[in-house]
Amino acid sequence: MKQLLKRGLIIAVGLLAAGCAAGEKNQTPASTELTVAPYTLSEKEEELISKTGVSHIEFFTLDGTLKKGEDIQYTIVLYEKGKFKQNMLFSYGEQENKFKDKLISFGMRAADGDKQAITLLEGSPDGLSSTEFSHKATGWTFSSLIHEKVTLKKNKPLYLAGWAGTSKNTMRSLNSEHGELPEGLKEMEVALLYKIEWTDAE
């Protein structure tokens with residue numbers, strides 16, 4: 001009888017251990033703190049980019065973990081006189097859920113043969129997207145909208161960089177403390193903002 005109880009106990013412990021191991025394998029990673037920080041280019045990197053025809057570009061690093069059923073959306077948004085007009089570029093659907101110093105970027109270069117058009121460039125961990133944008137601006141500004149590491153909050157957009165243009169003689173620059181919508185956006189004739197947002201998967 002003692003021998004039978006001993007064998008039964010060993011089998012029960014073995015099944016329990018196997019069940020725990022299987023449970024651990026099936027668990028999806030939990031979300032961690034997702035952060036974005038400005039990436040400062042080295043002199044060599046700046047020199048290399050200068051050979052590509054890209055006139056202005058801002059890089060950022062993305063760190064953290066998404067759990068199953070979550071996404072990060074990358075969007076270049078067009079505003080006119082402070083009002084949303086349309087998404088110029090939009091991408092989402094991560095092929096990976098863990099980010100360690102992953103580079104993302106927003107940049108532009110002059111469109112071929114057209115002085116009043118620019119090619120917008122949006123770099124995500126999964127690749128590079130581009131589109132052309134025509135404008136009537138005679139003067140413009142381009143700047144980063146975050147200056148230190150910022151923690152993402154779910155379903156709250158984070159604006160990382162922006163371009164604003166004017167047909168007048170003067171304009172204010174785009175400013176933001178921690179990635180919120182820039183101050184004075186209503187005064188801008190036209191503005192393009194690069195934002196990311198941590199969301200549930202669509």
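The values are calculated or read from the model by the stated rules, or taken from the named source; none is laboratory data. Everything numeric here is computed off the predicted structure, so don't read it as measured data. A quick note on method: Cβ atoms are made from the backbone with ideal geometry, for glycine too, and the neighbour counts reach across all protein chains shown. Heavy atoms of the whole protein, side chains included, go into the accessibility calculation; ligands, DNA and RNA do not. Shrake-Rupley method; radii C 1.70, N 1.55, O 1.52, S 1.80 Å.
Brief remarks follow.
- Residues in segment 173-202 that are open to solvent by 50 Å² or more (accessible area, probe 1.4 Å), free of Cβ contacts under 8 Å to residues at least 40 places away in the same chain and either more than 26 Å from I104 (Cα to Cα) or among the aliphatic types (A, V, I, L, M) (or both): L181 alone.
- Just one of the listed residues (T170, T166, T138) is buried (at least 18 other Cβ atoms within 10 Å of the Cβ) and free of Cβ contacts under 8 Å to residues at least 40 places away in the same chain, and it is T166.
- Per-region count, segment 55-77, residues open to solvent by 30 Å² or more (accessible area, probe 1.4 Å) and under 20 Å from L160 (Cα atoms): 6
- Selection over segment 82-113 of residues that are modelled with pLDDT under 80 and open to solvent by 70 Å² or more (accessible area, probe 1.4 Å) gives a count of 4.
- Any hit, segment 171-178, residues being of a type outside the set (D, E) and within 15 Å of F84 (Cβ to Cβ): no
- Restricted to segment 114-129, and to residues there that are of a type in the set (S, T, N, Q) and surrounded by 14 or more Cβ atoms within 10 Å (Cβ to Cβ), the residue that is farthest from T52 (Cα to Cα) is S124.
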